[in-house]
Amino acid sequence: MKNSQPTKEFYNLFNYLFEFYNVNLFQGNLTYPMIVITRNKNVFGHYSFKRWVDSTSTENVDEIAINPLWFHKYPLTEICQTIVHEMCHQWQYHFGSPSRTGYHNKEWADKMIEIGLMPSSTGKEGGKVVGQKMADYPIVSGRFSILTQSLMNENIFSDLYYEANSIVGRTVEMVNGLMVSSEGEVVGTNKMKIKYSCKICNVNVWAKPDVHLICGECKSKFEQQNPNQL
């Protein structure tokens, strides 16, 4: 067992993710938020404008909340998606014009698309791009996908902790940033995602089996990889 400091490791990871995407997607314009854990079963993440105040300077600090109950259910890329989704809310509150609480308007949707995430009310192609409750998916060869693949290659998620009872009885291992079962399936979700690769541009994405994806850069067809080669 490693001699760890779990609180420090856990929150340093999310602080690093925020900083990485802030620099690379938002030109470093966002201020550091208070990152907290929430167990609201209905959300993966949440943003709150100026929810905290510094006791010394009396400056307000925003909040980004992350739900650990969902970590084991989805690929690690979706943790990154959630953080960036909430960062887009933060950007809009400070540099744009947010609508009523919880509503995802066109300005927010345009910013999401600009940085490489497609808003979708269903989390899939064809969903509405604005609305009260919104999911998203990575745009193939978009800025988010390219940056996130570089993170997966660095294996930075070695400091991520999972709630023990969420993975009891599962045989899983980390493979390129995904929690993968011994059968080669992404753990915990009935929407299995597997790897597709553009051999020309050397770009990888994850999607459901047997979909047809075209690279936005070279227009070549993405090739479906064997799940055990994730």
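The values are calculated or read from the model by the stated rules, or taken from the named source; none is laboratory data. No experiment lies behind these values; they were computed from the predicted model shown. Don't worry about glycine lacking a Cβ; one is built from the backbone with ideal geometry, like all the others, and counts go over all protein chains shown. When the accessible area is computed, the model is the full protein with side chains, heavy atoms only, and any ligands, DNA or RNA have been set aside. Shrake-Rupley method; radii C 1.70, N 1.55, O 1.52, S 1.80 Å.
Any chance you could run the full-extension gain for Met34 through Lys133? It's 0.36 nm times the residue separation minus the Cα-Cα distance, nm to one decimal.
My answer for the length gained is 33.4 nm.
Which of the aspartates and glutamates could be linked to Lys133 by a straight reach, that is with a Cα gap under 18 Å, when you skip same-chain ones fewer than 8 residues away?
The qualifying aspartates and glutamates are Glu78, Glu86, Glu107, Asp110, Glu125.
Based on the mean of other Cβ atoms within 10 Å per residue, sort peptides 144-151, 42-49, 29-36, 54-61 so the most packed one is first.
Listed from highest to lowest mean packing, they are 144-151, 42-49, 29-36, 54-61.
Ignoring ligands, DNA and RNA, what accessible area per residue does the range 6-182 give at 1.4 Å, in Å²?
50
Would you mind checking Lys106/Lys221; Lys111/Lys219; Lys106/Lys219; Lys124/Lys199; Lys50/Lys73 for any pair whose Cα atoms are more than 26 angstrom apart?
Lys106/Lys221; Lys106/Lys219; Lys50/Lys73
Give me Rg/Rg_expected for the range 33-93, where Rg uses Cα atoms only and Rg_expected = 2.2 N^0.38 Å with N residues.
1.20
May I have the extent of the alpha carbons of the range 1-60 along their three principal axes, as whole Å values ordered from largest to smallest?
40, 31, 28
In whole Å, largest first, what are the principal axis extents of the Cα atoms in the range 109-163?
That gives 35, 30, 17 Å along the principal axes, largest extent first.
So for the range 73-157, what are the equivalent ellipsoid semi-axes in whole Å, largest first, each being the square root of 5 times an eigenvalue of the Cα gyration tensor?
They are 22, 14, 11 Å, listed from largest to smallest.
Beyond 28 Å, what share of the Cα-Cα pairs of the range 6-182 is found? Please give it as a whole percent.
I get 21 percent for the Cα pairs in the range 6-182 exceeding 28 Å.
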